[in-house]
Amino acid sequence: MANYKWFKVFDSREVAEKVVGLNQVVPVELDNLKIALARNNKGFFAVNDACPHQAYSLSKGFCTEEGFLVCPRHRYLFNLENGKYQGIDCAPLTIYPVEWRNNALYIGKPIGFWAKLLGL
C-alpha cells in the first residue's frame, strides 16, 4: 500500500461544491504536481491533469453523468474511479486518493517507493 502526503484543498464541502460544479473539472497544483479535480454525482475524483495521449490539460474538459472524464482535445473518455481509457490505444490516468476529514477535502500525493515508480 502506498504512503501519501495529504494536502487540504478545500476547508468545507460547501466551498468545494461551489468551486467544482457538478460534472466539472478544475486544475489543482499540489507540491508541483498538476491534478485535475473532478466532481460528478458519485463525488470528487483526482487524476493527473495531463492526458496520456498528447498531454493536453484534462482540467479543461468535463465529466459525464456516467463517471467519465472527457479530454477536451480529442474527446477521449477516462473512467474517474480507476483511470482506465474507454478505448484501446491510450494509457490510463494516474488517480489520487480523495478524502473528507472534518468536512475538509484532502488529496493524497504518493511518497517514497510509489512516488518514484509513478515518476512523481
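The values are calculated or read from the model by the stated rules, or taken from the named source; none is laboratory data. This is a predicted model, so every value here is computed, not measured. Glycine also receives a Cβ, built like all others from the backbone with ideal geometry; neighbour counts cover every protein chain displayed.
Report the residue count in segment 63-102 for those that are part of a loop (DSSP other than H, G, I, E, B) and within 10 Å of the chain's Cα centre (by Cα).
Initially, segment 63-102 is screened for residues part of a loop (DSSP other than H, G, I, E, B), giving 64-67, 71-76, 80-84, 86-94, 97, 102.
Now drop any that are not within 10 Å of the chain's Cα centre (by Cα), which leaves 80-81, 83, 93-94, 97.
Of the residues in segment 63-102, 6 are part of a loop (DSSP other than H, G, I, E, B) and within 10 Å of the chain's Cα centre (by Cα).
If the requirement is being β-branched (Val, Ile, Thr), closer than 20 Å to Ala104 by Cβ and outside any strand (DSSP E or B), which of these qualifies: Val15, Val26? Explain how you work it out, then say what you get.
Working: Val26 fails: outside any strand (DSSP E or B).
Of Val15, Val26, the one residue that is β-branched (Val, Ile, Thr), closer than 20 Å to Ala104 by Cβ and outside any strand (DSSP E or B) is Val15.
Looking only at residues in segment 17-50 that are in contact (Cβ under 8 Å) with a residue 40 or more places away in the chain and not aliphatic (A, V, I, L, M), which one is nearest to Leu93 (Cα to Cα)?
It comes out as Asn48.
In segment 1-12, which residues are among the hydrophobic types (A, V, I, L, M, F, W, C) and either surrounded by 14 or more Cβ atoms within 10 Å (Cβ to Cβ) or in a strand (DSSP E or B) (or both)? Spell out how you get there, then give the answer.
The first filter runs over segment 1-12 and keeps only residues among the hydrophobic types (A, V, I, L, M, F, W, C), leaving 1-2, 6-7, 9-10.
Within segment 1-12, Ala2, Trp6, Phe7, Val9, Phe10 meet the criteria.
Within segment 28-59, restricting attention to residues that are closer than 14 Å to Val98 by Cα and small (Gly, Ala, Ser), which residue is surrounded by the fewest Cβ atoms within 10 Å (Cβ to Cβ)?
Across segment 28-59, the extreme among qualifying residues is Gly43.
Of the residues Gly83, Gly87, which is of a type outside the set (Lys, Arg) and within 23 Å of Asp31 (Cβ to Cβ)? Reasoning before the result, please.
On the way: Gly87 fails: within 23 Å of Asp31 (Cβ to Cβ).
Testing whether each residue is of a type outside the set (Lys, Arg) and within 23 Å of Asp31 (Cβ to Cβ) leaves just Gly83.
Condition first: outside any strand (DSSP E or B) and touching a strand residue (DSSP E or B) at 6+ places or on another chain (Cβ under 8 Å). Now tell me which residues in segment 29-42 satisfy that.
Going through segment 29-42, the residues outside any strand (DSSP E or B) turn out to be 31-32, 41-42.
Result: Asp31, single match.
Is there any pair linking a residue in segment 85-101 that is closer than 15 Å to Asp49 by Cα to one that is in a loop (DSSP other than H, G, I, E, B) and of a type in the set (Lys, Arg), with Cβ under 9 Å and at least six apart or on different chains, and which?
Hits for this filter: Pro92/Lys84; Leu93/Lys84.
Tell me whether segment 2-14 contains one or more residues that are among the polar types (S, T, N, Q), modelled with pLDDT of 95 or more and in contact with a strand residue (DSSP E or B) (Cβ under 8 Å, 6 or more places away or on another chain). Working first, answer last.
Restricting attention to segment 2-14, the residues satisfying the condition of being among the polar types (S, T, N, Q) are 3, 12.
After this cut, where a residue has to be modelled with pLDDT of 95 or more as well, the list is 12.
Next, from what is left, pick out any that are in contact with a strand residue (DSSP E or B) (Cβ under 8 Å, 6 or more places away or on another chain): 12.
So far as segment 2-14 goes, yes, one or more of its residues are among the polar types (S, T, N, Q), modelled with pLDDT of 95 or more and in contact with a strand residue (DSSP E or B) (Cβ under 8 Å, 6 or more places away or on another chain).
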